[in-house]
1. Which value, to two decimals, describes the C-alpha radius of gyration of region 88-129 once divided by 2.2 N^0.38 Å?
2. Write down the Å³ per residue value for the convex hull defined by the alpha carbon atoms of region 12-133.
3. Subtracting the Cα-Cα distance from 0.36 nm times the residue separation, let me have the gained length for Ser66 to Thr97 in nm, one decimal.
4. Of Leu56, Gln112, Leu81, whose Cα points farthest to the positive end of the dipole of region 35-133 (charges on the beta-carbon: +1 Lys, Arg; -1 Asp, Glu; origin at the Cα centre)?
5. Let's test the formula: R0 of 25 Å, r as the Cβ-Cβ distance of Glu114 and Ser40. What FRET efficiency results, to the nearest 0.05?
6. Can you work out ³J(HN,Hα) from phi for every residue in region 87-100, in order, using Karplus 6.51 cos²θ - 1.76 cosθ + 1.60 and θ = phi - 60°, giving whole Hz and x for Gly and Pro?
7. Between Asn125 and Ser22, how high is the FRET efficiency from 1/(1 + (r/R0)^6) when r is the Cβ-Cβ distance and R₀ = 30 Å? Nearest 0.05.
8. Could you give the nm distance between label points at Asn90 and Asp73, where each point is 7 Å from its Cα heading toward the beta carbon?
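Please treat every number below as a calculation from the coordinates, not as lab data. Keep in mind the model is a prediction, meaning the values are calculated, not measured. Positions of Cβ are backbone-derived with ideal geometry, glycine not excepted, and every protein chain shown enters the neighbour counts.
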Amino acid sequence: FGQDRLALHLPESAQQAGQNTSYNMGILSIVSGDYATAISNMSSKNCAYNLALAQLLNKDPKKALSTLDCIQDKDANTYYLMAIAGARMNDNNILITNLKKAIQMDSSLRKQAENDREFIKFFENDDFKGLVK
């Protein structure tokens, strides 16, 4: 098997052995760009970062934000993805609020956000510049 085929074959083998591998198959679907299948496979986990990522990549930032919002122990990456969802919804408040939390938790995200094309529409926004400069 090639690496790609092996990556798909192993979860299928585990599933045949009675293991629940839907969520992991969903992650592989994200990697292969099949976001709708990823969402379907991960739907048993209502509050999961990877589910929200698939929703965002599937052009549903509002649903992704809802999924991220219900995560109990949010980390910096969760808040950063929430900021991206806000940017994709063109909602300055959601973007700034969550990007600020992300940077407070992980200051390296300040530099990442400064150049992240997800925020290009906000590069000249004073609130955004105040966070990343």
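1. 1.05
2. Given the Cα convex hull of region 12-133, per-residue volume reads 107 Å³.
3. Length gained between Ser66 and Thr97: 9.6 nm.
4. Leu56
5. E(calc), rounded to 0.05, equals 0.10.
6. Once rounded to whole Hz, the list reads 5, 5, 8, 6, 10, 4, 5, 5, 4, 5, 4, 7, 5, 4.
7. Rounded to the nearest 0.05, the efficiency is 0.15.
8. If labels sit at Asn90 and Asp73, their model points lie 3.9 nm apart.
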